[in-house]
Amino acid sequence: MPIRSRNVAFKSLSVLLALLAPAGAFAALGGKLASVQDDVAHMGGTLASHAMSGYTRHDLGRRNSGAVHEFTNAQGAVFAVTWSGPGKPDLRQLLGSYFSTMQAAGAPNGRQLHGLRRPTMVDRSGVRIIQTGHMGWFRGIAYVPALAPAGFDPGTIDPNA
């Protein structure tokens with residue numbers, strides 16, 4: 001088989017496998033604790049978990065020296081995600097079904113207007129997302145109030161921590 005045909009076949013197989021993969025394979029916002037390891041593998045990073053008061057913080061180190069923190073409640077649901085560092089992580093993966101909500105909060109067609117350095121802010125009853133940054137450094141926080149433990153203050157989680 002010629003090299004070009006093998007490359008086409010490999011790409012086709014990769015696309016097919018991606019389409020057949022379960023949608024809940026990653027620890028998206030609102031997802032389950034068991035998939036945090038999948039995020040580490042997807043990002044090629046490291047993981048350290050820390051028990052906090054009423055929740056657990058999972059620190060994912062990214063290859064580019066950025067960080068992602070996923071917060072799980074006592075039931076094992078991811079109720080908050082933060083990110084910071086050079087380049088954005090895969091937000092479609094991290095935000096799961098809330099990704100389209102964030103896109104819709106941008107300018108028309110889901111895009112931010114060029115030249116404006118305003119953060120993307122989503123404040124809906126089901127989710128709150130703030131994303132800011134500039135070329136070379138991005139940070140953000142997203143959380144689902146209904147999944148957060150009682151007394152949780154989103155001001156206590158710092159994307160840069």
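The values are calculated or read from the model by the stated rules, or taken from the named source; none is laboratory data. Source: prediction; values computed, not measured. Using ideal geometry, Cβ is built from the backbone for each residue, glycine included, and neighbour counts are taken over all protein chains shown.
Just to be sure, is Gly54 in contact with a Gly (Cβ under 9 Å, 6 or more places away or on another chain) and crowded, with 17+ Cβ neighbours inside 10 Å? Taking the combined requirement at face value, the residue does not satisfy it. Any residue at all in segment 32-39 that is surrounded by fewer than 16 Cβ atoms within 10 Å (Cβ to Cβ), at positive phi and at pLDDT 85 or above? Checked against the condition, which is being surrounded by fewer than 16 Cβ atoms within 10 Å (Cβ to Cβ), at positive phi and at pLDDT 85 or above, segment 32-39 yields no hits at all. Scanning segment 116-153 for residues that are surrounded by fewer than 19 Cβ atoms within 10 Å (Cβ to Cβ) and among the hydroxyl-bearing types (Ser, Thr, Tyr) yields Thr120, Ser125, Thr132.
For segment 57-74, which positions are of a type in the set (A, V, I, L, M, F, W, C) and within 14 Å of Ile141 (Cα to Cα)?
Across segment 57-74, the qualifying residues are Ala67, Val68, Phe71.
Can you find a residue in segment 4-21 that is modelled with pLDDT under 90 and assigned to a strand (DSSP E or B)? Among the residues of segment 4-21, not one is modelled with pLDDT under 90 and assigned to a strand (DSSP E or B), which makes the answer no. For segment 47-61, the set of residues classified as assigned to a strand (DSSP E or B) and polar (S, T, N, Q) consists of Ser49, Thr56, listed by residue number.
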